[in-house]
Amino acid sequence: MIANAPNSPGAIRVCVQFFAFTSLVIGLHGEFQFLTDPVLGPNEGISILAVSLHEQGYDSHMDVENEVEADGSGAVYDEIVSAVQNRGGRSIGLYGFSHGGGSVYDLSERLDANKASIEAFDIVLPAISTASRTIRIRT
């Protein structure tokens, strides 16, 4: 999109480029953690990561762990399905802290079980961050 004011003194030409996302990154907080932007403190590392990814141009979303039901359904699942079916999302990254890590597992299980009915996508980063600050990748 280009906007300009031709033949105007001091005219400024502005060019803005839009890019379609082909991926989606979802982060899930642990129990008793809350979404904040700006991030409230060092105990909100999941939010820090989400904001950083967003600032780098990723389609980064942050949710709380209880928005994923034990069977993986819920608002987060619906958002991922919408991204795949309606916005061309083909690569899905999931990460979570504490209970959010358990929700990542439940969510990835449901996505994998329903993959044929959703459309083509890959879960490229199903990561669970534990209290000991390690990352386990589910393959």
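The values are calculated or read from the model by the stated rules, or taken from the named source; none is laboratory data. It should be emphasised that the depicted structure is a prediction, and the values quoted were computed from it without experimental measurement. Neighbour counts run over all protein chains shown; Cβ positions are idealised from the backbone, glycine included.
Go over the candidates Ala116, Ala50, Ala83, Ala127 one by one and state the one that is assigned to a helix (DSSP H, G or I), out of contact with any Cys (no Cβ under 8 Å at 6 or more places or on another chain), at pLDDT below 85 and farther than 16 Å from Glu31 by Cα.
Among Ala116, Ala50, Ala83, Ala127, only Ala50 is assigned to a helix (DSSP H, G or I), out of contact with any Cys (no Cβ under 8 Å at 6 or more places or on another chain), at pLDDT below 85 and farther than 16 Å from Glu31 by Cα.
Suppose the filter is touching a Phe, Trp or Tyr at 6+ places or on another chain (Cβ under 9 Å), among the acidic types (Asp, Glu) and either under 19 Å from Gly30 (Cα atoms) or in a helix (DSSP H, G or I) (or both); does Glu69 pass it?
yes
Restricting attention to the range 73-97, which residues are touching a residue at least 40 places away in the same chain (Cβ under 8 Å) and small (Gly, Ala, Ser)?
Those that are touching a residue at least 40 places away in the same chain (Cβ under 8 Å) and small (Gly, Ala, Ser): Ala83, Gly88, Gly89, Ser91, Gly93, Gly96.
So in the range 28-47, with the set limited to residues that are surrounded by 18 or more Cβ atoms within 10 Å (Cβ to Cβ) and not β-branched (Val, Ile, Thr), which one is modelled with the highest pLDDT?
Among them, the one singled out is Leu28.
Go through (1) within 16 Å of the chain's Cα centre (by Cα); (2) surrounded by fewer than 17 Cβ atoms within 10 Å (Cβ to Cβ) one by one and return the number of the condition Ala113 breaks.
All conditions are met except number (1).
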